[in-house]
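The values are calculated or read from the model by the stated rules, or taken from the named source; none is laboratory data. From a predicted model like this one, the values you see are computed outputs, not experimental measurements. Cβ coordinates were reconstructed from backbone atoms using ideal geometry, including for glycine residues, and neighbour counts include every protein chain displayed.
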Amino acid sequence: MSSNTFFLAPLPPFRLDLTVWTLRRRPDNAVDRWDGQTYRRLLPLPGGPVDVAVTQVGPSEASKLRVTVEGQPLRSPVKVAVSSALHRLLGLTLDLGPFYRFAAREPLLGELAQRFQGMKPPRFANVFEGVINAIACQQFTLTVGIRLLNGLATACGAAMGEGDATVHAFPRPEDLATMSPSLLRELKFSQQKGRAMIELARSVSEGSLNLDELESLPDDAALARLQHLRGVGRWTAEYVLLRGLGRIHVFPGDDVGARNSLQKWLGLREPLDYDGVARTLIRWQRFGGLIYFHLLLDRLADAGCLQAEPLPWSESALDAGTDTKATTAGANSTRSLEAERAMPKDGGMSHDSFEASGSSLSSGTGKSPKPSKRRLIFW
């Protein structure tokens, strides 16, 4: 084994391809790169950026991930930082056993879950990245939003390589804080979005705003805190809860594309609104975000981005996590959905339609958050 290579063992079943597609969402995502076998991402670390390559070795039932790091020697701090980032980005230790056991008793849900068995719900590398992603994609198709984010990474993210081989990291707060509004306008961001993004970046980099504090807040409190930020309405705040905070009980019920996919999947005649999504998913609400991600993969498969066929339930899928207890989330933790359900109903930890408009929260609290004035396009 190369001195810059180490292995991680995800909780089975695990499929790197499905997890990466759920994370990257579009083929032209230049931050989360995928060539069909290897996932790559440039991570900005204190000692300089490192380019990380991840390849799955072995079947979903007993897989290991070969992780190769370039840019710095693989000393302990670098290995710990890379491991921590990958556990978050790829959901490596999230136990989906309760979901699979539930889905196995539901014919329609079971077929969907079997088809994409091994997908782990991903999260952005940090909450800041989640907020910037959501703001950038407001009022655009996701394809356009991803391209805007690519341009942002190229303009101010850490870089490695030369010429056409140069790759860029997602910008850190301190990277974006130094950007001028005029440069963001050149990158096709509106004046309002640019102001909101720079203000957020400066607040985080100067220490006046700690987005990590949202991790411990219940849904309603986290939503309220986020909506105090410039440019953040209901959709943006709820999107951050899903992909930034990992609250996988959330099905974005105001996401038009996701609603349409849900309607089609269930064979419903009438279109769904936000409250209709909540009513429709009432028996599945604790797994709403997982259904959301599975429907995303279904649309990506229809578009030819990936291939997946229903497989028999794996032993690890139906047995995993029966006695698992929740521990602190991190590189060495295993989070159980059973444990998540034991947390307060209005919160607790839990993480796109193909072209979608809007997003909202269905968290089982019975409350409909205040609508955002803007319409958003995302998945």
If I ask for residues that are crowded, with 20+ Cβ neighbours inside 10 Å and not in a helix (DSSP H, G or I), which ones from region 161-178 would you list?
His168, Ala169, Phe170, Pro171
Which numbered condition trips up Asp51, out of (1) touching a Ser or Thr at 6+ places or on another chain (Cβ under 9 Å); (2) in a strand (DSSP E or B); (3) crowded, with 20+ Cβ neighbours inside 10 Å?
(3)
Leading residue by the ranking (nearest to the chain's Cα centre (by Cα)) among those in region 13-39 that are assigned to a loop (DSSP other than H, G, I, E, B) and among the hydrophobic types (A, V, I, L, M, F, W, C)
Val31
Candidates Arg230, Arg234, filtered to the one that is at pLDDT 95 or above and of a type in the set (Lys, Arg):
Arg230
Output the number of residues of region 96-151 satisfying the condition of being closer than 26 Å to Leu86 by Cα and not in a helix (DSSP H, G or I).
12
Apart from one, (1) surrounded by 16 or more Cβ atoms within 10 Å (Cβ to Cβ); (2) among the charged types (D, E, K, R); (3) out of contact with any helix residue (DSSP H, G or I) (no Cβ under 9 Å at 6 or more places or on another chain) all hold for Asp95; the odd one out is (3)
Where Leu209 falls short, out of the listed (1) assigned to a helix (DSSP H, G or I); (2) out of contact with any Gly (no Cβ under 7 Å at 6 or more places or on another chain); (3) not hydroxyl-bearing (Ser, Thr, Tyr)
(1)
Among the listed residues Gly276, Gly253, Gly257, Gly304, identify the single one that is outside the structural domain of Gln139 (by TED's automatic domain parsing) and on the phi > 0 side of the Ramachandran plot.
Gly304
If Tyr239 satisfies every condition in (1) assigned to a helix (DSSP H, G or I); (2) farther than 30 Å from Glu106 by Cβ; (3) not aliphatic (A, V, I, L, M) but one, which is the exception?
(2)
Do you know which residues across region 101-120 are buried (at least 24 other Cβ atoms within 10 Å of the Cβ) and closer than 16 Å to Gly288 by Cβ?
Ala103, Ala113, Phe116, Met119
